[in-house]
1. Stick to the Cα atoms of the stretch 74-140, pair each with every other, and give me the Kirkwood hydrodynamic radius in Å at one decimal.
2. Please count, across the chain, the pairs of lysine residues with Cα atoms under 26 Å apart that sit 8 or more places apart or on different chains.
3. Just want the answer: with Cβ charges of +1 for Lys and Arg and -1 for Asp and Glu, which residue in ASN17, LEU135, SER7 is farthest toward the dipole's positive end in the chain?
4. Show that you can apply the helix-only estimate: for the chain, add -39,500 (n - 2.57) for every DSSP H stretch of four or more residues, divide by all residues, and state [θ] at 222 nm to the nearest 500.
5. Only loop residues by DSSP count here, and only those with at most 14 other Cβ atoms within 10 Å; note down the GluC sites (Glu not before Pro) in the stretch 67-106 that meet that.
6. How large is the accessible surface of THR139 in square angstrom, using a 1.4 angstrom probe and rounding to the nearest 10?
7. Let a ≥ b ≥ c be the square roots of the eigenvalues of the Cα gyration tensor of the stretch 5-87; is it rounded (a/c under 1.5), or, if not, prolate (a/b larger than b/c) or oblate?
8. Quick one: order VAL73, VAL33 from most to least accessible surface, probe 1.4 Å.
Amino acid sequence: ALERTLSIIKPDAVAKNVIGQIITRFENAGLKVVAARMLQLSRADAERFYAVHAARPFFKDLVDFMVSGPVFVQVLEGEGAIQKNRDLMGATDPKKAEKGTIRADFADSIDANAVHGSDAAETAKVEIAFFFPELSIHTR
Ligand code: CMP
């Protein structure tokens with residue numbers, strides 16, 4: 001099915017100057033960028049975005065990292081976009097990520113892991129709405 005998913009290029013990958021290289025991978029896989037913005041998350045924003053992880057031991061480190069610099073947030077659209085993006089990203093822990101995936105190639109640690117992608121249709125809907133009003137999404 002034609003889907004939309006939320007992608008965040010995290011502060012580590014922005015700092016490494018690889019936004020373009022990561023987006024090229026999405027485009028080469030047939031995903032279209034239909035919305036995009038660069039922003040600095042506040043602590044409150046990051047805590048709200050990752051609220052499902054609030055009780056996890058890694059929550060504080062996750063929030064600290066996500067506010068450490070600007071992020072580049074996009075909506076990707078395409079056939080099976082949610083799974084396709086997850087395949088391109090590779091495993092959450094870059095040490096476990098398959099060769100040729102974004103995290104294997106650009107990430108340094110489980111926190112500084114280059115990208116976030118929605119994990120299911122319902123979370124994609126919530127995560128997209130967190131950053132983008134419907135009118136700012138440009139389906140082509
Ligand atoms: P992300 O896909 O953005 O979703 C939550 C983030 O928490 C995850 O990527 C990791 O960067 C970070 N994280 C840190 N430790 C863990 C862990 N043990 N399990 C899952 N996510 C973790």
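The values are calculated or read from the model by the stated rules, or taken from the named source; none is laboratory data. These numbers were taken from a predicted model, which means no experiment stands behind them. Heads up, the Cβs are rebuilt from the backbone with ideal geometry, glycines too, and the neighbour counts pull from every protein chain shown. Note: areas computed on protein heavy atoms with side chains; ligands, DNA, RNA excluded. Shrake-Rupley method; radii C 1.70, N 1.55, O 1.52, S 1.80 Å.
1. Details: mean 1/r = 0.0779 Å⁻¹.
By the Kirkwood definition, the hydrodynamic radius is 12.8 Å.
2. Eligible lysine pairs with Cα atoms under 26 Å apart amount to 23.
3. Projecting each Cα onto the dipole axis, the largest value belongs to ASN17.
4. Working: 7 runs with 55 residues, N = 140.
After summing the helix terms and dividing by residue count, I get -10500 deg cm²/dmol.
5. Numbers: sites: GLU77, GLU79, GLU98; in loops: GLU98.
Passing both the DSSP loop test and the Cβ count: GLU98.
6. Approximately 80 Å² for this residue.
7. On the way: a/c = 2.22, a/b = 1.58, b/c = 1.40.
Note, shape of the stretch 5-87 comes out prolate.
8. Details: VAL73 0, VAL33 40 Å².
Ranked list, largest accessible area first: VAL33, VAL73.
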